[in-house]
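The structure under discussion appears below in the form of structure tokens.
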Amino acid sequence: MVELTSSFELEFDALDQDHQKMVDQVNAIIKKIDAGNTDDCKALVADFVALSKRHFAREEALLVSVHYPDVEKHRKHHLDLNDKFDHMLEFAKMAPENDMACESLKKELVYFIMDDVITADLEFKDFLSQT
Ligand SMILES: [Fe+2]
Ligand SMILES: [Fe+2]
């Protein structure tokens, strides 16, 4: 399970709320897998991917609106995560018949949310605090 401690907060409500929703969704998926309930894994992961993409779009628009200088770099970072979405969706499809896929999916989701989403965003935390 993933828990968002205060050191992972951007102290910018709209984005922190999105991150919390994404963490909640990851935890819900992990909980289902651990309970052996993998039938709706595919739908839940598809929802998570859609939620993540909406968040990325919202975050990029916000960074543009505050004239964050490295917005293109961060947009590219988000775009590069499309491969990871493909992996997650693939693992989720296999999850009902494949324990290895379940384990890989859980790992992929946790690394994704902690490293690629939340830690990567800490780069602009100081900038946002000055806006
Ligand atoms: Fe974010
Ligand atoms: Fe981001």
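Read-outs: derived from the displayed coordinates by stated rules, not from any lab. Computed from a prediction, not measured in an experiment: that's the story for all the values here. Here the Cβ positions follow ideal geometry from the backbone for every residue, glycine too, while neighbour counts run over all protein chains shown.
If you run the Gaussian network model on the chain, springs between alpha carbon atoms under 10 Å, then out of 65, 52, 104 the most flexible one is 65.
Angle check, please: helix 41-65 long axis (alpha carbons) against the longest principal axis of the chain (alpha carbons), in degrees 0 to 90, nearest 10. For 41-65 against the chain, the angle is about 10 degrees. Only lysine pairs 8 or more places apart, or on different chains, with alpha-carbon atoms under 21 angstrom apart are counted in segment 49-131, and they number 16.
Ranking 35, 14, 57 by Cα position along the charge dipole of segment 1-100, where only Lys, Arg, Asp and Glu carry charges on their C-beta atoms, puts 57 farthest toward the positive end.
In this Cβ point-charge picture (+1 for Lys and Arg, -1 for Asp and Glu), segment 1-45 has a dipole of about 300 debye about its Cα centre. Normalised by the number of residues in the chain, the average gap of Cα pairs under 8 Å and 6 or more apart makes the relative contact order 34 percent. Rounded to the nearest 500, the 222 nm mean residue ellipticity of the chain from helices alone is -22000 deg cm²/dmol, with -39,500 (n - 2.57) taken per DSSP H run of at least 4 residues. Across segment 12-128 the C-alpha pair distances fall into 5 Å bins from zero in the proportions 2, 12, 23, 23, 16, 11, 8, 4, 2, 0 percent. A Förster radius of 41 Å, combined with the Cβ-Cβ distance separating residue 46 from residue 66, puts the computed FRET efficiency at roughly 0.85. Put a plus charge on the Cβ of each Lys and Arg, a minus charge on the Cβ of each Asp and Glu, and nothing anywhere else: the dipole of segment 12-128 about its Cα centre is then about 200 debye. Placing dummy labels 7 Å off each Cα toward the beta-carbon, the span from residue 129 to residue 84 is 2.4 nm. Compared with the dominant principal axis of the Cα atoms in the chain, helix 71-80 is inclined by about 10°.
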